[in-house]
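S.K.: Structure incoming, see below.
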Amino acid sequence: MKKVVKFGGSSLASAEQFEKVGAIIRADKDRRYVVPSAPGKRNSKDTKVTDMLYGAYALAEAGKNFDKELDDIKARYQEIIDGLKLDLSLEKEFEKVKADFKAKAGENYAASRGEYLNGIIMAKYLDYEFIDAAEVIFFDEEGNFMPDKTDEVLRARLKDCERAVIPGFYGAKLDGTIKTFSRGGSDITGSIVAKAAKVDVYENWTDVSGFLVADPRVIDNPKGIETITYRELRELSYMGASVLHEDAIFPVRKEGIPINIRNTNAPQDKGTWIVEDTCQRSKYTITGIAGKKGFCAINIEKDGMNSEVGFGRKVLQAFEENGISFEHVPSGIDTMTVFAHQSEFEEKEQNVLATIHKLASPDFIELEADLALIAVVGRGMRQTRGTAGRIFSALAHANVNVKMIDQGSSELNIIIGVRNDDFEEAIRAIYRIFVDVQL
């Protein structure tokens, strides 16, 4: 069996955390490929190394002195090296970083050095081969990830490599320019490595014991999720559940490789298994609840809209022409509502309205701001009658007014729109009816 193990920033923030990680890796000989993040916060008042690098590079780009900021970053790494009693010097690496910063190598380059340097330390500590992600993970000239080339090169590199450390978060364009994924992109690197190495399991180690049914900032001590499918996770991640980067699902999903979310500080916990599909029934009717605030609704009315061919296309074309994506489009016979991110829409709202009038000639348009969307997700919803009824009953009992409901034909999730002010109470009401009060 082969496993890829990815460790987040909090898992590698100090020498003490490194030792925990080393013990986890050595406890299972199948943990052969390691993907580290940059050192995270050691405490609540601390600063992540990635943010320190951004700060230092901003000074360099402005032509200001950044020696102190770079020395602070050096000290973070030296503290880990000394704590692990490693015979390792990063002096030459930091000389190159300093020169590249002065040459304005780019913000992506600056951010990537956190993972790069931590990868060198990790490889030394484990006595594994170090593989620079810039040599095996590729982006095209526009900065788009190149999955086929990456898979081909990375697979060939790992073919005869028994054990290796590949830093997360970054790769390189074909001309060698460093390019990063979005924040949290080390999850994606782990998934890419898992696919290329054709491993059996991708273990993603972080500071929580897997996914929870709801956000602990809203629900006190929410229940954990033992097993979740890729599709359920995709829905929850998109709506704000942030344990795993949402794009990390795609590479392993194609190969049917399960992901196991584990806790570095509680390795005895089984965590959450993310799988292609499962016969296991959810403990509850729902698998999870997640949501986001900050949406607005554009309500469009026109008599006979349902019989006018192309009406929906014309309305959505107005959003496309103004570079605005939409979230949901519930509709009736003479009405159509488009939900969009309020921050994106506000800047161009009058342009969008004018374009809708020009293209679709509606009778009336009304805007509603400060809305939230909540996703109730679960494979168990398909086999359970009355799920929507229970949701609306719970919300009505909590005096929450529902602004929108949208359910796909897969019956995997129900999207509910409420006012921002009702967001937390709505989640608490839904959690109570499905988890605290089981039928």
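The values are calculated or read from the model by the stated rules, or taken from the named source; none is laboratory data. Since the structure is predicted, the reported quantities are computational estimates derived from the model, not experimental observations. A quick note on method: Cβ atoms are made from the backbone with ideal geometry, for glycine too, and the neighbour counts reach across all protein chains shown. These accessible areas exclude ligands, DNA and RNA; they are computed on the full protein's heavy atoms, side chains included. Shrake-Rupley method; radii C 1.70, N 1.55, O 1.52, S 1.80 Å.
S.K.: Tally time: how many residues in the range 121-142 are touching a helix residue (DSSP H, G or I) at 6+ places or on another chain (Cβ under 7 Å), assigned to a helix (DSSP H, G or I) and of a type in the set (A, V, I, L, M, F, W, C)?
M.R.: 3
S.K.: Out of the residues in the range 227-240 that are touching a Gly at 6+ places or on another chain (Cβ under 8 Å) and not in a strand (DSSP E or B), state the one that is most open to solvent (accessible area, probe 1.4 Å).
M.R.: GLY240
S.K.: Please go through the range 136-183 and pick out each residue that is touching a Ser or Thr at 6+ places or on another chain (Cβ under 8 Å) and aromatic (Phe, Trp, Tyr).
M.R.: Matches in the range 136-183: PHE138, PHE169, TYR170, PHE181.
S.K.: Any chance you could count how many residues in the range 385-415 are open to solvent by less than 70 Å² (accessible area, probe 1.4 Å), farther than 16 Å from THR285 by Cα and free of Cβ contacts under 8 Å to residues at least 60 places away in the same chain?
M.R.: Of the residues in that region, 6 qualify.
S.K.: Can you pull out the residues in the range 163-201 that are among the polar types (S, T, N, Q) and open to solvent by 10 Å² or more (accessible area, probe 1.4 Å)?
M.R.: THR177, THR180, SER182
S.K.: Sticking with this structure for a sec: Of these, LYS92, LYS98, which one is surrounded by fewer than 12 Cβ atoms within 10 Å (Cβ to Cβ) and not hydrophobic (A, V, I, L, M, F, W, C)?
M.R.: None of the others qualify; the one that does is LYS92.
S.K.: For the range 306-342, give me each residue that is without any contact (Cβ under 8 Å) to a residue 40 or more places away in the chain, aliphatic (A, V, I, L, M) and assigned to a helix (DSSP H, G or I).
M.R.: LEU316
S.K.: Please pick out the residue among LEU53, LEU86, LEU126 that is under 25 Å from LYS173 (Cβ atoms) and surrounded by 14 or more Cβ atoms within 10 Å (Cβ to Cβ). Full working, then the answer.
M.R.: Working: LEU86 fails: under 25 Å from LYS173 (Cβ atoms); LEU126 fails: under 25 Å from LYS173 (Cβ atoms).
Testing whether each residue is under 25 Å from LYS173 (Cβ atoms) and surrounded by 14 or more Cβ atoms within 10 Å (Cβ to Cβ) leaves just LEU53.
S.K.: Among the residues of the range 343-368 satisfying the criterion of being assigned to a helix (DSSP H, G or I) and among the acidic types (Asp, Glu), which is least open to solvent (accessible area, probe 1.4 Å)?
M.R.: Looking at residues that are assigned to a helix (DSSP H, G or I) and among the acidic types (Asp, Glu), I get GLU349.
S.K.: Yes or no: the range 35-49 includes at least one residue that is over 30 Å from VAL199 (Cβ atoms), without any contact (Cβ under 8 Å) to a residue 24 or more places away in the chain and acidic (Asp, Glu).
M.R.: The answer is no; no qualifying residue exists.
S.K.: Now for a separate question. If a residue must be at pLDDT 90 or above, more than 30 Å from GLY22 (Cα to Cα) and not aliphatic (A, V, I, L, M), how many such residues does the range 255-303 contain?
M.R.: Residues flagged as at pLDDT 90 or above, more than 30 Å from GLY22 (Cα to Cα) and not aliphatic (A, V, I, L, M) within the range 255-303 amount to 12.
S.K.: Another one. Yes or no: ALA354 over 24 Å from ILE405 (Cα atoms), modelled with pLDDT of 95 or more and among the hydrophobic types (A, V, I, L, M, F, W, C)?
M.R.: yes
S.K.: Could you tell me how many of the residues in the range 259-274 are in contact with a strand residue (DSSP E or B) (Cβ under 9 Å, 6 or more places away or on another chain) and open to solvent by less than 30 Å² (accessible area, probe 1.4 Å)?
M.R.: 8
S.K.: Can you tell me which residues in the range 284-313 are open to solvent by 50 Å² or more (accessible area, probe 1.4 Å), farther than 22 Å from LYS403 by Cβ and more than 35 Å from the chain's Cα centre (by Cα)?
M.R.: ASP303, SER307, GLU308, VAL309
S.K.: Still on this structure: Name the residues in the range 383-439 that are assigned to a loop (DSSP other than H, G, I, E, B), at pLDDT below 85 and within 23 Å of CYS296 (Cβ to Cβ), would you?
M.R.: Of everything in the range 383-439, just one residue is assigned to a loop (DSSP other than H, G, I, E, B), at pLDDT below 85 and within 23 Å of CYS296 (Cβ to Cβ), namely GLY408.
S.K.: Which ones in the range 35-50 are open to solvent by 40 Å² or more (accessible area, probe 1.4 Å), of a type outside the set (D, E, K, R) and modelled with pLDDT of 95 or more? Before you say what the answer is, go through the steps one by one.
M.R.: Narrowing the range 35-50 to residues open to solvent by 40 Å² or more (accessible area, probe 1.4 Å): 41-45, 47-48.
Checking which are of a type outside the set (D, E, K, R) leaves us with 43-44, 47.
Selection gives THR47 alone.
S.K.: Scan the range 13-34 residue by residue and report those that are crowded, with 22+ Cβ neighbours inside 10 Å and over 23 Å from ILE257 (Cβ atoms).
M.R.: Within the range 13-34, ALA13, GLN17, PHE18 qualify.
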